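To start, the structure itself, in structure tokens.
Since every read-out is calculated from the coordinates, none of them should be taken as a lab result. Since the structure is predicted, the reported quantities are computational estimates derived from the model, not experimental observations. So basically every Cβ, Gly included, is an ideal-geometry build from the backbone, and we count neighbours across all protein chains shown.
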Amino acid sequence: MSTLSQRISLPKMGTTLLGIGWLVAFVIGAWGVALRLVHGHEFANYGSYVVWGLWVAAYIYFIGLSAGAFLLSALIYVFASKELEQIGKLALLVAVVTLIMALLSIWFDLGHMERFYFVFTRPNFKSMMAWMVWLYTAYFVLLLAELYFALRADLARWSVSDGWRRVVANFLLLGRRSLSQRAVQFDRVALRILGSLGVPLAIAFHGGVGALFGTVLARPYWHTPLYPILFLTGALVSGGALMTAAVAFFWPKNDPKYTAIVQRLSMIVFLILLFDLILEWAEFSIPMWYGVGPEFELLQKVLFGPFWWVFWILHVLLGTLIPIVIFLTQRDKPLWLGVAGGLIAVTFMAVRLNIVVPGLIEPTLRGLEEAYRHERLVFEYVPSLFEWQVVLFICALGFGLFYLGRKLLPVISVSGAKEEML
């Protein structure tokens with residue numbers, strides 16, 4: 001009897017602690033957002049020389065998570081991966097949520113947040129950033145449409161049930177309640193068409209983010225043709241790792257395919273991670289080969305400067321070596337594979353910080369750092385507590401949206417078992 005009570009109470013205790021932790025994070029983050037809305041950028045640590053900081057790094061980090069999760073869903077809806085077909089709807093939900101998080105991150109970074117719509121009403125067709133916003137808009141619409149068609153049949157089943165599920169279904173179905181073979185087949189065809197359109201779109205906008213950095217000729221640290229490829233592989237690694245953690249921790253454990261799905265996801269992440277490491281080795285080793293040049297000096301700062309631990313401890317140790325060991329030694333333990341995926345997904349923020357910040361801390365004109373003296377005219381940057389508060393709010397909001405989506409939408413498809421709700 002005591003064993004049974006422990007089995008019942010532990011999940012509830014975990015849910016309670018998770019809820020308390022989320023509420024604390026949300027409140028602390030909301031205070032940072034309030035400061036941002038009232039005082040603007042006053043409490044941010046970037047200035048006139050280092051103009052991009054934590055929020056831009058968070059933007060490219062979250063956008064990579066979204067692109068990676070979406071491309072994983074494409075394996076299911078476009079390339080018909082049978083091993084992963086159950087998690088397609090969950091992958092789309094993760095892609096939508098992380099895209100919202102990315103857009104919020106860059107919105108908070110804008111000097112005039114209220115003017116965000118100018119990119120639509122006053123477009124500059126020669127601006128790479130403008131093209132990125134238009135691609136994001138198309139991508140967001142496509143994601144919502146694909147999620148609708150993925151959920152429609154299950155929502156139609158909910159529409160004839162009782163309680164809150166019927167209310168949710170009738171609100172979202174847009175009148176399409178048919179469960180005929182023709183209607184279901186139409187949904188599948190729509191998913192394949194939308195997924196096929198979304199694959200080049202996701203590659204274009206996230207590769208375009210890499211191109212946005214790579215085409216800045218005045219910044220040698222960024223000016224490399226490898227960046228579009230690095231951004232794509234990084235998206236696949238981080239997004240796939242996030243999905244591994246999401247399935248490992250939030251998928252019903254009584255699903256007969258639970259372990260096989262997590263194992264399959266972890267193997268995909270492991271292989272892409274190895275490929276990404278080869279590209280990263282090329283990114284670092286080639287500019288450092290002769291030990292001269294501006295790229296060499298900046299890479300030296302990344303590897304051995306004051307913030308060496310961001311690269312070696314967060315990225316290499318926690319985000320690479322430990323997950324690889326777990327992938328190789330804990331193949332039959334899905335929760336451990338989820339831990340490895342979570343480590344990769346969370347610490348990949350260090351990779352994005354090491355892209356954004358080092359490219360800005362080197363003066364483009366030698367002696368510029370001595371020409372004028374002011375607290376905002378420095379080539380040093382450490383994110384302030386205020387900046388972290390805003391990112392914490394975005395993370396709390398994103399987790400809340402994911403949790404609500406998992407609870408209120410039929411994104412879980414369990415084979416031969418009744419779903420256990422977290």
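General remarks:
- Structure remark: mean-square fluctuation, Gaussian network model of the chain, C-alpha springs under 10 Å; the largest value among 407, 82, 253 belongs to 82.
- Pairs of Lys in the chain closer than 20 Å at Cα, counting only those 8 or more apart or on different chains: 15
- For the chain, the membrane-span-like helices by this rule, meaning whole DSSP H stretches whose C-alpha atoms cover at least 24 Å of axis and whose Kyte-Doolittle mean is 0.5 or above, are 2-39, 54-77, 88-109, 128-158, 181-214, 227-250, 258-285, 334-356, 385-408; this says nothing about an actual membrane.
- Residues with amide H under 5 Å from that of residue 257, placed H, sequence gap 5 or more: 415
- The GNM of the chain, with springs linking C-alpha atoms under 10 angstrom apart, assigns the highest mean-square fluctuation among 150, 248, 183 to 183.
- A simple charge model with +1 on the Cβ of Lys and Arg, -1 on the Cβ of Asp and Glu and nothing else charged puts the dipole of the chain at about 1620 debye relative to its Cα centre.
- Between the range 254-297 and the range 193-212, the alpha-carbon center distance in angstrom: 20 Å
- Long-range HN-HN contacts of residue 45 with modeled amide H, under 5 Å: 384
- Relative contact order (%) - criterion: Cα under 8 Å, at least six apart; region: the chain: 30 percent
- Full extension of the segment from residue 161 to residue 318, taken as 0.36 nm per residue of separation minus the current Cα-Cα distance, would add 51.9 nm.
- One entry in (1) 20.4, 64; (2) 22.6, 76; (3) 28.9, 87 is Rg and Dmax of the Cα atoms in Å calculated from the shown coordinates; its label is (2).
- Relative packing of 28-35, 151-158, 17-24, which averages over residues the other C-beta atoms within 10 Å, highest first: 151-158, 28-35, 17-24
- Rounded to the nearest 0.05, the FRET efficiency derived from the C-beta distance between residue 144 and residue 83 at R0 = 45 Å is 0.95.
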